[in-house]
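No lab work stands behind these numbers, since they all come straight from the coordinates. All values reported here derive from a predicted model rather than from experimental measurement. Every residue, glycine as well, gets a Cβ built from its backbone with ideal geometry; the counts of neighbours run over all protein chains shown.
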Amino acid sequence: MLPEQKHAIIQRISDAVAPLVAGTDVVPVVALERPKVAAHGDLACNVAMQIAKRLKQNPRVIAQAIVDALHADRDGLIERAEIAGPGFINLFLSAKLHQAVVPAIFAQDERYGRAVSETPLKVMIEFVSANPTGPLHVGHGRQGALGDVMSALFASQGHAVTREYYYNDAGVQIATLATSVQARGRGLVPGGEGWPDPAYNGDYIAEIATDFLARGSVGDVKGSGDIEDLENIRRFAVAYLRREQDLDLKAFGITFDNYYLESSLYTDGRVERTVEALIAAGKTYESDGALWLATTSYPDIGDDKDRVMRKTDGTYTYFVPDIAYHLAKWERGYRKVVNVQGGDHHGTVARVRAGLRAVSDAQHLGLPAIFPDYVLHKMVRVMRGGEEVKISKRDGRYVTLRDLIQMSGGEDEPNVRGRDAVRFFFITRKADTEFTFDIDLALARSDENPVYYVQYAHARICSVLAAWGGADWETKLPSLASADLSLLVAPRETALMQRLAEYPELLASAAAEMAPHQLAFYLKDCAADLHSYYNAERFLVDDLALRDARAALLAATRQVIANGLALVGVAAPQKM
C-alpha cells in the first residue's frame, strides 16, 4: 500500500484503540506487518497483544473491540478484519486501495518512490578513497557500488548529497610507491638483487617507470626522466595512478562530486591545528617519547586502549589526518557523513570518533556523539569455473575492478553488461557479510543470475507492451491512465500491486538503514511477482477493457523496475 494509505490505516486502528486506553497511561504503538502467508490477509497488527497486559484484559477481547470498530466505520480502505491466534488482527484491504498504486505511478513516472524531506540534510558519502598506489581492486568495486547506491538512496529522500573521494596521497605508502618506480627505472626487478623492501611489485610499476623515463606527461605533471629525482617520481606516479583509477571508475559508471587530497591537510596546517586542539582539550598526554590520545576517556565509543598520535620520530599515525579531515567535513556544513570502507578500517572508527568528540566538546562545535557513520564491508572472493581467481594480469596480487568488469561481460557488450553485473551483484548482500563473486553466474542468462532476472522482467514487459501498442507503444502509454483498474482483481495482480506500493517505503528504509541490499532484494521480489503474473495470465485478451487494465499494470511495473535499476546504476533494457 502507498505510504499515505498506510498512515490512514494506522490512524483508523489508533482511533479504534483510543477508547480502550482512555483514562490510563497506556500509549499503544500501532505497527503493521505483511503476513508471510497470503491467506492471512494483506496486513497484520499486534496492538491488542501489546496493550492487553497493561490493561489486564484478554488480548482477544481487545482485538474483537478493535475489529468491531473497524467494521463499523468502512471507508474503502479495509474490506474486513479477522482475529487470529492469541490476538493478532489480520486486515484484508479493499481492491480499490490496491489499484490506487497504478495511477500514482502514472502521475509520478521517474519520480515515483522519491520523497521530499521536511528537514533536508547536507549529506556526504565518502567511498572508494583508495591510495593512489595501484589499480582499483574488487574490494574497491564493492565500496563503489555500496557508496554510489547509498548516495542515490539519500538523494531519493530529498537530501543534498555529495560523493567524495579522499586521496591518501601522503605518507609511507606513497613513499614506497616512489621508491618502487625508481627501482624499476634503474632496471631492478621484484625479488631480484637490490629490490627494495617494502615495494609494489605489479607490472604497472614498470609501465610508470617507462613513461617517466620517456619524459611523459600526466595532466599537468611531467616526468623529468631523472631517476634520481624522487620527488618528481612521486608526483608523476601519483598522477599516473590517479588517472588509472579514474578510468576504473569510468568503466564502473561512478562519478564523484569532489576529490580531497590528504596532502592538503598538511599544507594548509589542518593537521597541526587539530593536534593543537586535542592538546588544548586535555585529551592527550606524553609517554615514552610519544604523544597519545586518551580514547578510553570515552567508554561509549569503545576503544580498548589509548592510541599513539605522534610517534617518537615526530610523524603522525594514520588516524590523525583522518580526524582533521572529518573536522573539515563538519566545517563545510555536512551534518550527515557516511564513510564506506573495508573491514580493515574497523580499528580506525573509535580513534577518529574519540578525536572528533574531544575537539567538539572543547570548542563547542556541536558534533553528534557518533560522527561519522561507517559502513564497513567484508572481503570479496572471485570465482570462475569453481576455482578462485586470485591475481590480475597487471597487478600480480589481486583481481582489478576493470578485470572483473571485463570478465563478467563476455563477448556481448562487455563494458555495459559487465558493469551492470558487477554493480548489481555487489549490493545483493549486506556489507558486513563476505561476498563471493561468481563470474560464471554473472555471465549466465538464466533466472539464477539476479541482474539478468530483473532486467529480463523489464524486457518482458516491454515485449508485451509492444504487442499491445505497436512500434510506438511508448507514446501510447499515457492513454492507459484512464484504464478501468477495477478489473484488476486476480490474486497475482493484487500481489504485484502490493509490491509496487511498497517501493516508496522501501527506499526510505534502505536510506535510513544505509542498506543498499534492501533495494536489490526488492527488485528481485518485484521481478518474481512479474514473472509469476506473466506465467499465470494472458494479457492480449479479447476484452479490450481488461487488456488495457493489464497493460496499465505492466506499464506501472516497468516504471518501478526502471526507477529501481536507475538508482543501482544498471540499465533497463527493452530487449534481451
Debye calc, one equal point scatterer per Cα of the stretch 172-239, no solvent, log10 I(q)/I(0) at q = 0.11, 0.23 1/Å comes to -0.20, -0.90
Hull volume per residue for the stretch 346-490, using the convex hull of the C-alpha atoms, in Å³ is 262
Mean 1/r over distinct Cα pairs of the stretch 3-93, inverted to a Kirkwood Rh in Å, yields 13.1
note: the stretch 311-424, Cα-Cα separations exceeding 22 Å make up a percent value of 54
Subtracting the Cα-Cα distance of F92 and R54 from 0.36 nm times their residue separation yields 10.9 nm
Ordered by number, the GluC sites (Glu not before Pro) in the stretch 104-193 that occupy a DSSP loop and have at most 12 other Cβ atoms within 10 Å are E118, E193
Filtering trypsin sites (Lys or Arg not before Pro) in the stretch 30-91 by DSSP loop and by at most 10 other Cβ atoms within 10 Å leaves K36, K56
Once amide hydrogens are built 1.01 Å from N within the peptide plane, the residues lying 5 or more places from R80 or on another chain with amide H under 5 Å from its amide H are F92
So the angle from the long Cα axis of helix 517-536 to the longest Cα principal axis of the chain, reported in degrees to the nearest 10, equals 40
Working note, the stretch 492-576: Cα radius of gyration (Å, one decimal) and Dmax (Å, whole number) are 14.0, 47
Quick calc of log₁₀ I(q)/I(0), the stretch 422-576, Debye, one scatterer on every Cα, no solvent, q values 0.19 1/Å, result -1.19
Along principal axes, largest first, the alpha-carbon spread of the stretch 13-156 in whole Å comes out as 68, 38, 33
Compactness check, the stretch 150-274: C-alpha Rg relative to the 2.2 N^0.38 Å globular estimate gives 1.27
Computed, not fitted: 222 nm per-residue ellipticity of the chain from DSSP H runs ≥ 4 (each -39500 (n - 2.57)), nearest 500, equal to -16000 deg cm²/dmol
The ratio Rg/Rh over the Cα atoms of the chain, Rh being the Kirkwood inverse mean 1/r radius, stands at 1.05
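Mean 1/r over all different Cα pairs, inverted: what Kirkwood radius does the stretch 210-296 give, in Å?
Numbers: mean 1/r = 0.0604 Å⁻¹.
Radius from the Kirkwood sum: 16.6 Å.
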Expressed as a whole-number percentage, the relative contact order of the stretch 12-91 with C-alpha contacts under 8 angstrom and at least six residues apart is 30
At R0 = 35 Å the Cβ-Cβ FRET efficiency linking V27 and D344, nearest 0.05, sits at 0.20
Quick shape summary for the stretch 142-194, equivalent ellipsoid via Cα gyration tensor, semi-axes whole Å in descending order, reads 42, 12, 7
Over its alpha-carbon atoms, the stretch 209-255 yields an Rg and a Dmax in Å of 12.0, 38
